[in-house]
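This report refers to the structure that appears directly beneath it.
Rule-based calculations on the coordinates, nothing more; no lab input. Just so it is clear, the structure is predicted and the values come from calculations on it, not from any experiment. Ideal geometry is used to build each Cβ from the backbone, glycine not excepted, and the neighbour counts take in all protein chains shown.
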Amino acid sequence: MLTSGWLNAAPSLLNIGTTTLRVALDISPKSYATGALNRVVAGWLLPQTRRLANRMCMAHIMALALLGFSAISAHAQPQTLRVISDDNYPPYLFRDASGNLEGYQMDIWKRWEQETGIKVELIATHWDQAQQALLNGDADVIDMMFRTPDRDATYDFSQPYANLPVAIYSHASIPGIASAHDLRGFLIGVQAGDACIERLRADSVTNFKLYPDYTSLIKGALDEQVKLFCMDEYPANYYLYKLDPTQKYRKAFQLYQGQFHYAVKKGATDTLQLIEGGMARIPREDKIEMFQKWVGQSPVLLPYSRYIAPALGLLSLVGAIVLLWILLLRRSVKTKTAELANQHQRLQQIIDGTAAGTWEWDIRSGDCIVNPRWAEMLGYTPDELEPCTADSCRALCHPDDLEQLVQALEAHLRGETDYFASESRRRHKNGHWIWVADRGRVTRRSPQGEALTMSGTRLEITKLKLAETTLKQAVEQQKMFIQQAPICVAMFDRDMRYLACSNQWQEEFGHQQGSLLGLNHYDVHPDIPEKWRQAHQRALAGERLEEEEDLWIRADGQHLWTRWMITPWMDDSQTIQGIIISSENISARKQAEEELRLAHTVFEHSSEAMLVTDADNNIITINPAFSEMTGYSLEEVIGKNPKILSSGRQGKEFYQELWNTLETSGEWRGEIWNRRKSGEEYAEWLAINNIYSEDGKLFRRVALFSDITEKKRADALIWNQANYDLLTQLPNRRLFSDRLQQEIKKSQHDHSQFALLFIDLDRFKEVNDTLGHSHGDYLLIEASHRIQRHLKETDTVGRLGGDEFTVIIANLPDPSVMTLIAQRVLDALAAPYDLEGEIVYLSASIGITVFPEDATTSAELLKNADQAMYEAKKNGRNRFSFFTPMMQAMAQARMRMMRDLRNALGLNQFTVYFQPIVDLSSQRIHKAEALIRWQHPELGFISPAEFIPLAEETGLIHEIGDWVFQQSAQLVKQCIPIVGDDFQVSVNKSPVQFRDRTQAHQDWMEYLSGLGLSGHNIVVEITEGLLLNADSGISDKLLHFRDAGMQVAIDDFGTGYSSLSYLKKFDIDYLKIDQSFVRNLSGEGEDLALCEAIATMAHKLDLRVIAEGVETTAQRDLLAQIGCDYGQGYLFSRPVPAEEFMQLLERSAA
């Protein structure tokens, strides 16, 4: 079976090898071979033909190839050339089972050494470490490097010497991967430093898992850490054959064709000339022989395509070879058997070269066949193990490992696993134990499914197990050290799982001791910003990150400023196994810095002039506004007394009173006239404050003053009228737009961020209409003050109109701080308002967008913030929402829903459900409420809460409402024969329908008349809010309904701005107690008292009471005890279609 596997893999290996050698030996890909000849080569049918063709072409090819090489430079040559490359790239360069380097590149560099007389020091390591070694000067040249645009900036490259296809490989469970576009969103496994990373990023594929070498990449794929990976085809086929006998992975598609180059540091062109000159000295025949040694294929040699005439001759030669192949075809068939035997022997040698033992097991007889390497692992020869049976093999197994081995084997024999895999200890001939890894599968079963034969491989892993044990011990010691460390530090593996963390880490971030180990860092903190996730990946790639600062939110919600350091940690082989993060709590320092920054900002940017004096009243500093207002510079006033500004207008008594007030209260405020340096007098508003030291002695005096002369006041008035809202004195739309545009320019110049907030007061119109515009104006002013009090002076607050405010939060260090600012504003606006004794509660909805992440123009920013604000309203108001691209998609979806809503009625997508209303005294159904449902053909069920507002907005509510009424009337007609003429259906009527000026109620009466029904059979349900804002038109419609015999019910009574006056003013028949009062109803409590009060009041006013949301018999009984007339809820029935409702009604009436 092993031989069969290699034979199956051989054609793909040969194709890659042949393609690879084309450029290495100057072969033109376009004229490589005819299709027939290529199939012969791929099938390994005529090695004689290949050798004959090689001998016939060799002289021509060598002559043409040598034309391409430059003469080796005559300057002084180095004594040693340090060559570094990847040690994990078979067959070019890889390590055998003993760790020794071998491969084509090993042989070619030895030959180069012979040709040039220069010693070659070949260094093989992980690919990313090889690149770094060249840049650090630890090597002269790096071999087997793909050339990319990014690498061109760092290296100088030779001409390409080999073509190598690079492919994407996919797990069998992921079909349909055919292009780079299909990879987006998947995690792609790649070798660290591989050129395919740059290529995939160019195709917008950015999610990678890095592995140090190809072996760990393949093993990671087989362990399903990733299910897609990128790898050069040559080593991919080698390792998949070696490690993936079950063929979980297949080539999905070729990503691109790479080329091998020699690369040196930028400017080291002399080294390149030396290398290429030495390679040119090696005869082509020798290169072919060396390549055949590792690949087993002789390529067809052609000159560079740029030599047109020789190329035409070579094409003729290829034609001759094809003719020769036809003549030799019969002979080749005869020799096929011998050739296959040779191939079997060669492939067996390759298997032996991998240091793997092989075994075959005849399950029925128990006999086993093993290769010499299998026996050699245990210190035996195959003869010494005879007879080799399953029992004798089992006897060599360690007793502690036998149970798991047998379980894994039996599971595979039963067909429960794709392959058998086990690690166990086996007794060596010398008596000690060695660790081995077995892997195999059933190769033949009987027609009944019984396993007959099984084959597999075995590798010795004793050193690996010892290394794992050593590593585990080291890690445990490191964990203990970290746990006891007196600093905030945590250790993670490559998947960001906690391996260890100090007690201080857990305490600092609000976690219980030992609760983090084994958990994923991102699961514990799902809101970690993307920049930190990227920082972790950079550290996992080998980068050390120091002195990073960020705001952290603890598990209990507390905000901490921390300074981080992230470093990778490595195992003994210098392979990165994870990262270590240490942090320092710098919240106190940040707070102090912020206070200093705020104080400095206020001082430097305040529009008021400021000066500071010492205790002896000598000026020690002034702000720019002082110089601007007085004309004096700092140098002119420092050390002087502020009386240099005195105009002489104030007398001695004025200053005595000023100083007395300062001495007694520590502050003074008032108007004063002073003189500028120019001699001009001006009026100013002056505030002086004493600052005392800790011992209570006077330390400093701070004076703030502003120019309040008449001219400035007049200018300010004109400017204010043009740029400020007259009511709130906030920037109006014009000034705010200008400020926003300036902030955009400033942020573009400084490469900084700022946030735009769109604030809308919730239900302000109701308060304004109810309490009057004067109260509404006062509320707007108070709201603006509350907003400003919770922002920095550098932030801009504006009023666009109505109850809409906008805010610019400048110099935003991190968008995450906006949650704190927005919440502070929400809390301030939600506090009660005292409007001349009338206590009013209000809330706000805030939309937030960030420049430049969300948009770069003022119009886009305002639109984004507005959309985010409406999202906050949609989610319940009194909250904030950040703009996301999803909101744009939701807006588009809303437009599509509005479009579909226009056609829904005509396409019969609406259905009316009916929920019974039960007489609590008789427990019979007396009424029903009509509830509309929309079954969308694509979106499924759509809640009325989503489409009713759209229907009201578009005016479709009138047509939909009339249709619901007609369906309800038809149900009444069907129900009357069962329960009598008093049966009623409640129909909800939107405020938009009531404000319509048409005579829809007259149409309703005509429809009822046509069915032989009266208005008494319909109950119109309205909300309290409609009556609070009722105009004469609404009153008239209610009167029309009453005159027609229709009754009116108040829905959700008690949840709005309840007022008893409208119950007396309007002709109301039913009150429906909202389910929020019924939900928690018990024998005691406020909800029962409220329900009883509503029922008592309603009965006193000759009204009937319906309780909504009745779900339990206890609720029903309590409602009946307090005199509630009717009940409605899931206890009796959910809303059901008309047919089911009729069945309920018939059972109720029985």
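Brief remarks follow.
- Proximity of backbone amide H atoms, modeled 1.01 Å from N, is registered between residue 258 and 164, 166 at under 5 Å, excluding neighbours fewer than 5 places apart on the same chain.
- Computed over all pairs of different Cα atoms, the Kirkwood value for the hydrodynamic radius of the chain is 39.6 Å.
- Between the helical axis of 1032-1043 and the longest alpha-carbon principal axis of the chain there is an angle of about 90 degrees.
- DSSP beta bridges in the chain [antiparallel fraction, %, rounded to 5]: 80
- Checking every one of the trypsin sites (Lys or Arg not before Pro) in the range 600-651 against DSSP loop status and a limit of 16 other Cβ atoms within 10 Å picks out 640, 649.
- Of the two radii for the range 900-1149, the radius of gyration is 0.95 times the Kirkwood radius, both from the alpha carbons; that is the Rg over Rh value.
- The range 601-709, Rg to Rh (Cα coordinates; Rh as Kirkwood inverse mean 1/r): 0.94
- The separation of the range 364-406 from the range 725-773, counted between C-alpha centres, amounts to 82 Å.
- Convex hull of the range 725-883 built on C-alpha atoms - directionally averaged projected area, nm²: 8.6
- Over the range 91-230: Rg over Rh, Cα atoms, Kirkwood Rh: 1.00
- Listed by chain and number, the lysines whose C-alpha is less than 20 Å from the C-alpha of residue 463, apart from same-chain residues fewer than 8 away, are 219, 242, 429, 472.
- Centroid-to-centroid separation of the range 679-693 and the range 482-527 [C-alpha atoms, Å]: 55
- Considering only Cα atoms, the convex hull volume of the range 470-590 works out to 98 Å³ per residue.
- Under Karplus coefficients 6.51, -1.76 and 1.60, residue-wise ³J(HN,Hα) of the range 511-521 in Hz, glycine/proline x: 10, 6, 4, x, 7, 9, 4, x, 7, 7, 4
- Cα-based Rg of the range 517-565 normalised by 2.2 N^0.38 Å, two decimals: 1.21
- Secondary structure note: in the range 900-1149, about 40% of the DSSP beta bridges are antiparallel.
- Across 927/989; 531/874; 677/792; 209/266, pairs whose alpha-carbon gap is larger than 23 Å: 531/874; 677/792; 209/266
- For trypsin sites (Lys or Arg not before Pro), the sites in the range 129-196 that DSSP calls loop and that have at most 15 other Cβ atoms within 10 Å are 184.
- Helix 858-874 axis versus longest C-alpha principal axis of the chain: approximately 70°, rounded to the nearest ten.
- Whole-Å distance, taken between Cα centres, linking the range 1118-1150 and the range 165-187: 58
- Computed per residue of the chain from DSSP H runs no shorter than four, each worth -39500 (n - 2.57), the mean residue ellipticity at 222 nm is -14000 deg cm²/dmol.
- Acute angle (nearest 10 degrees) that the helix 1086-1100 long axis makes with the longest principal axis of the chain, alpha-carbon atoms: 40
- For the chain, the longest site-free run once GluC sites (Glu not before Pro) in DSSP loop states with at most 13 other Cβ atoms within 10 Å are removed: 1-223
- Average projection area in nm² (convex hull over Cα atoms of the range 357-460, one quarter of hull surface): 6.0
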